[in-house]
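The values are calculated or read from the model by the stated rules, or taken from the named source; none is laboratory data. Because the structure is a prediction, the values reported are computed rather than measured. Reconstructed Cβ throughout: ideal geometry from the backbone, glycine too, with neighbour counts over all protein chains shown.
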Amino acid sequence: MTLVQEPPQRAIEQVRDTAGVLEGELAWGRSYAVVSPDHFRVDYVINPFMDPADQPEPERTREQWHAMLAALRDAGARVDVLRQRPDSPDMVYAMNLGIALTLADGREAFLASHMRYAERRSETTSAASWATSRGRVLLGVGRDGVGPHLEAGDLFAWRGDLVAGFGPRTEEAALAPVAAALDVRVRGLRIVHPAMYHLDLAFCPLDDRRAMVCPAAFDDASAAALLDLVPEPLVLTEEEALTFCANAVVVGRTVLMPACPPRVRDQLESWGFRVVLLDLSELHKGGGSVRCLTNPTDLVVGRDLDVVPGGEVVLP
Ligand code: ARG
């Protein structure tokens, strides 16, 4: 009798490294800080989506936000929940608080944002206490309106570089101090689209070769530079990007998205991603979606970002 040989496990599975990351997957994005929407309101207008006449309904907001939390955990992510300050209605958009990362010398750090609009600056105070309570050293490029603006929704680690959108929120003058503070290479891209005012509305790394990219968000030189950086881009039209589909969170092969145009879904699925759709309609009233609502806390300089002593800025 011939024994039917099972194929050896290693041949059918991909190789997992010690952190349980499959080859090719993003190594970061397994743990997040989020802010519970206890005081989410639209009190002012700082982006084209906000309308104080259209307030979020608190109960639906909570349900949608908790469903997002459950989906993150189902996908295998760890989540640290911060309380929202009553005086900071936009604080639910946790991505903008700053970026948490392990520096080249092994220290855990938090680079705080310096928000463009004064209405959001109080959020940073709470973010800083959260970060220090987690043993992180605090870094920053400005505060209270003094120094260049930096909003972390403009920052992504991608193939060794810190890709940084600038224009509507982050200022070009912030790029050099960020590069120097973190000892990394910062690649600046000029955003010109008023509705894609943060990089995370127009760019979303999927794995180590693929990313969603909406060229319409950038000036010509920056759009070309971004497409050059991505070996296999999923190019989004302006209309597709305005569904907030690029404002997605990727945990391994799972993509959590608020919307997914059919063409985008086909491409993601043919690449082996599983799409999880989330209804975040109440939270869209402030102008952001799942990526804005979550802040990855597991970036590592030396793994996700190349170590460049003293830092370096590259512009198109
Ligand atoms: N109302 C917030 C603002 O305009 C929305 C932030 C969206 N966050 C993001 N990472 N894109 O600042």
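What the table below lists for this structure:
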item: Segment 38-50, residues that are within 13 Å of the ligand (Cβ to nearest atom) and either touching a Cys at 6+ places or on another chain (Cβ under 6 Å) or more than 29 Å from residue 158 (Cβ to Cβ) (or both); result: 40, 41, 42, 43, 44, 45
item: Sole exception among (1) surrounded by fewer than 21 Cβ atoms within 10 Å (Cβ to Cβ); (2) within 13 Å of the ligand (Cβ to nearest atom); (3) polar (S, T, N, Q) for residue 96, by number; result: (1)
item: The one condition in (1) free of Cβ contacts under 8 Å to residues at least 40 places away in the same chain; (2) not in a helix (DSSP H, G or I) that residue 80 fails to fulfil; result: (1)
item: Residue count for segment 261-293, restricted to those that are in a loop (DSSP other than H, G, I, E, B), away from the ligand (no atom under 16 Å from the Cβ) and within 15 Å of residue 241 (Cα to Cα); result: 1
item: Residue check for residue 207: in contact (Cβ under 8 Å) with a residue 60 or more places away in the chain and charged (D, E, K, R); result: yes
item: Exclusive hit being more than 16 Å from the ligand (Cβ to nearest atom) and either in contact with a Ser or Thr (Cβ under 6 Å, 6 or more places away or on another chain) or modelled with pLDDT of 95 or more (or both), set 11, 104, 53, 33; result: 104
item: Residue that is farthest from the ligand (Cβ to nearest atom) [pool: residues in segment 128-155 that are closer than 24 Å to residue 250 by Cβ and touching a helix residue (DSSP H, G or I) at 6+ places or on another chain (Cβ under 6 Å)]; result: 150
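The rows are residues; the columns are (1) surrounded by fewer than 17 Cβ atoms within 10 Å (Cβ to Cβ); (2) of a type in the set (A, V, I, L, M).
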| residue | (1), (2) |
| --- | --- |
| 173 | yes, yes |
| 185 | no, no |
| 198 | no, no |
| 212 | no, yes |
